[in-house]
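One structure is given here, and the rest of the page talks about it.
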Amino acid sequence: MGILESMRKLINIGREASENIAKSFTELTGETTDVQFLGVRFTPLEFLVEQFDDRVYKVVRIDFEGILSGKSLMLLPEEDAVKLEKMLLIDILWDSLVNKSELPDYKEMEVSVMNEVANIVVASFLNVFANALKSEINITTPEFIKDSGFSVVESLVVEMAEQIDIALIFDNKIHILGKYPINCNILILIDPTTIEQLDNL
């Protein structure tokens, strides 16, 4: 398979996976979601860090293994994460008011909501690849992190630098339209140990 044909297949499946993400966000929030698929690219790991600044982000990391293995990050600037939480927690708040029941601790709800969103979104992305490869991709328990975007991505880069210096990245930018515009980045990094499986797409 020529390199251009391989890249075309990766782009097409990445676009389909992005459409799956949009559907998942729309179902979660009830708001129309636009997912901009920024493409498939090979990049030196150190360049990845430069895309993020020192703003506080709410991040969920999910690793995956199976026919493809690797790591994923869902990153939302804190102000956007709070908007998303407002949309998803409104039913819980309403039930609490109606039933006069005690609300869970906000930090617990924050972690729970962000982890659940990442679970659904990352799984919806990876399922497209698993189906195309006629196999399974399993995801790990989400890990919630609250830190500067730069620091979180830098930590992942340092970890992966032991294996590779160039990463294959599927990059998506999510914009939830309507009452609360929200920007979110999802990075999917595939480990070199299974990257040859992409030849079977």
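The values are calculated or read from the model by the stated rules, or taken from the named source; none is laboratory data. Everything numeric in this text was worked out from a predicted model, so none of it was measured. Counting neighbours? That spans all protein chains shown, and the Cβs are built from the backbone with ideal geometry, glycine included.
A few points about this structure:
- The stretch 40-76, subset out of contact with any Lys or Arg (no Cβ under 9 Å at 6 or more places or on another chain) and farther than 18 Å from Val153 by Cβ, residue modelled with the lowest pLDDT: Val40
- Neighbours by Cβ (under 8 Å, 6+ apart or cross-chain): first from the stretch 157-173, more than 23 Å from Cys184 (Cβ to Cβ); second of a type in the set (A, V, I, L, M): Ala161/Leu45; Ile164/Leu45; Asp165/Leu45; Ile166/Leu45
- For the stretch 182-196, the criterion of being over 16 Å from Phe64 (Cα atoms), charged (D, E, K, R) and surrounded by 18 or more Cβ atoms within 10 Å (Cβ to Cβ) is met by no residue.
- Residues that are farther than 23 Å from Arg15 by Cα and in contact with a helix residue (DSSP H, G or I) (Cβ under 9 Å, 6 or more places away or on another chain) number at least 2 in the following strands (runs of 3 or more DSSP E) confined to the stretch 104-191: 143-148.
- Look at the stretch 40-65: where a residue is part of a helix (DSSP H, G or I) and a partner is surrounded by 21 or more Cβ atoms within 10 Å (Cβ to Cβ) and at pLDDT 85 or above, sitting 6+ places away or on another chain with Cβ atoms under 7 Å, you get Leu48/Val153; Val49/Val153.
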